[in-house]
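We did not get these values from a lab; they are worked out from the coordinates using the rules stated. What you are looking at is a predicted structure, and each value in this text was computed from that prediction instead of being measured. Positions of Cβ are generated from backbone atoms using ideal geometry, with glycine treated the same way; all protein chains shown enter the neighbour counts.
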Amino acid sequence: MEERIPLKFFISKNSVVNEETFLGKSTHSPIVIDHEPLNSHPVIPFIPWCLHFDQDIMVALQGNDGWGMIEVSKIYLPNGEVVWFTLDSRLDGLQYIGLPSHISEIAKQMLSAFSRATYDASLKVSENYIKGKKVVEVDYSRLNPTNNQRDPIKFCIKIGAKKNHNASFYIKDNPPFFRNGNAMNHSQNSALAILDLTSVNLTNNIIFSDPKDIEPYSIFGLKVAGLMSQSCSGILSGAWFQSDSTLENEKNEIVHDFELEHHPDKIVLRTKKSFPSYQFVFNKVSHNLQLREISCHQNRPCEISGERKVWNQNIFKMKFNPSLPDLRFGKLPREIKCNMVTEVNGKQGYQCAHITFTSKVDKKIKVSVESLKPKWAMQRVVTNNIDLGLNKATHFSEITAKDL
């Protein structure tokens, strides 16, 4: 029998740092360059990511065949479409994303922002309300990376639920006391991940019909299984290609289209037609554009007074002080360090880090992000090497797992 998931992975926190104390008084970067830049548009320092999971069916496993966890996730798109996908985790942290046989273009665009491969898992999910419980049945074909075969997975999970005035059913939000969730070792070489656990409802009422010998992980007789909602954010690894108007992944798929918004004292670089959406706020300092903050918003359908609306939720915000140096010039005169803090869903101080910029060769800049808190963020060191060309930037981002 292989090792089970370490108990320490289930330990969460609240805020780990006071944002104002850590960042200090707001200042501009001391590096101001006065010659012509290579790029007319701003160059971003790394590739941020975020996604709010409206529902996440989570089942921790005993370690059978090297699998550590099953997640089946549900995302509401702004047009009301529901996207389901699986996120199966090996004990070594590798994750595999399984999809339904048919998926929309906007859902494909959303998933293209992940630095992980997807596959057709023939995923089918049904939700029903039966005798005061939400009953979710899941059926899919899981890819087994050890032999490239498919293993059938079929289970049913039940959670107490209520009906609302329009006869649909809902599960009451149950936010845990400690919401700053442990990222475990999941995709530890693919992303720096910061989590906000917005709701957790555990249950012992889960039955696997295929294979029947799967047994969920238990702590003190309670199965670690249930329905969650969570917001995830952070920084991605991989090769990325930034132009004036787009960001492409290593498959040359357009992940984001950019547009600029000009103000007297700042420039805002926004993504358009992307889900979720991002914005980068650059302060104007002389002829330089210095990055002050990055934020991500996710349009989520909701119901207000019986009327369907779209709520533009601010998922995460990264703040920098001093503001980050302008990277468009292709070389910095010296090494510089800046502070960064991350807030998720308006909760400040979930993560703090030092960012170091070095530039020893013309048209090449190295960006290093080393987290100071929490511990699970400290274990993932980000290194992004940026090659600058005329009105383009190529990002080679790596996440190095570090034992503490």
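What is the diffusion coefficient of the chain in µm²/s, taking the Kirkwood radius over Cα pairs and the Stokes-Einstein relation at 10 °C with a viscosity of 1.306 mPa s? Can you show the working numbers first?
Working: Rh = 22.3 Å.
The Stokes-Einstein estimate is 71 µm²/s.
When only DSSP loop residues count, what GluC sites (Glu not before Pro) in segment 297-368 have their Cβ near at most 16 other Cβ atoms within 10 Å?
GLU335
Please give the direction-averaged projected area of the C-alpha convex hull for segment 51-233, in square nanometres with one decimal.
Answer in nm², one decimal: 10.9.
For a Förster distance of 30 Å, can you work out the FRET efficiency between the beta-carbons of LYS212 and ASP120, rounded to the nearest 0.05? Numbers along the way, then the final one.
Numbers: r = 25 Å, r/R0 = 0.83.
After rounding, the FRET efficiency stands at 0.75.
Could you work out which residue, out of PRO30, PRO276, PRO78, moves most in a Gaussian network model of the chain, that is, has the largest mean-square fluctuation with Cα springs under 10 Å?
Per the Cα network of the chain with a 10 Å cutoff, PRO30 tops the list.
May I ask for log10 I(q)/I(0) of segment 337-404 at q = 0.27 Å⁻¹, from a Debye sum over the Cα atoms as equal point scatterers with solvent left out?
So the normalised log intensities are -1.13.
Using only C-alpha atoms and all pairs of different ones, pull out the Kirkwood radius for segment 307-362 in Å with one decimal.
Evaluated on segment 307-362, it is 13.7 Å.
Would you mind giving the three semi-axes, in whole Å and largest first, of the ellipsoid equivalent to segment 1-49 according to its Cα gyration tensor?
Over the Cα atoms of segment 1-49, the semi-axes work out to 41, 21, 8 Å.
Just to verify a number: FRET efficiency for LYS360 and THR21, C-beta to C-beta distance, R0 = 22 Å, to 0.05? Intermediate values should be presented prior to the final figure.
Numbers: r = 33 Å, r/R0 = 1.50.
It comes to 0.10.
Give the Rg/Rh ratio for segment 242-304, taking Rg as the radius of gyration of the Cα atoms and Rh as the Kirkwood radius, to two decimals.
1.06
Can you compute the modelled spin-label distance between LYS392 and PHE10, with each label point 7 Å from Cα toward Cβ, in nm?
With each label placed 7 Å out from Cα toward Cβ, I get 5.0 nm.
Between ASN128 and ALA401, what's the calculated FRET efficiency when r is the beta-carbon distance and R0 is 41 Å? Round to 0.05.
That pair, ASN128 with ALA401, gives E of 0.50.
With springs connecting C-alpha atoms under 10 Å apart, model the chain as a Gaussian network and identify which of SER209, SER187, SER29 has the largest mean-square fluctuation.
SER209
Over the Cα atoms of segment 263-404, what is the Rg over Rh ratio if Rh follows Kirkwood?
Taking Rg over the Kirkwood Rh, I get 1.02.
Test of understanding: in a Gaussian network model of the chain with alpha carbons linked when under 10 Å, which of LYS373, LYS284, LYS212 would top the mean-square fluctuation ranking?
LYS212
Under the Karplus relation 6.51 cos²θ - 1.76 cosθ + 1.60, θ = phi - 60°, what is the ordered set of whole-Hz ³J(HN,Hα) values for segment 320-325, x standing for Gly and Pro?
10, 7, x, 4, 6, x
Where does segment 33-122 land on Rg/Rh, using Cα atoms and the Kirkwood Rh?
We get a ratio of 1.14 for segment 33-122.
Determine the gain in length on full extension of the stretch ASN314-THR146; use 0.36 nm per residue of separation and subtract their C-alpha separation, reporting nm with one decimal.
Taking 0.36 nm per residue and subtracting the Cα distance, the gain is 56.5 nm.
Label ASN252 and LEU202 with points 7 Å out from Cα along Cα→Cβ: what is the distance between them in nm?
That separation, rounded to one decimal, is 5.0 nm.
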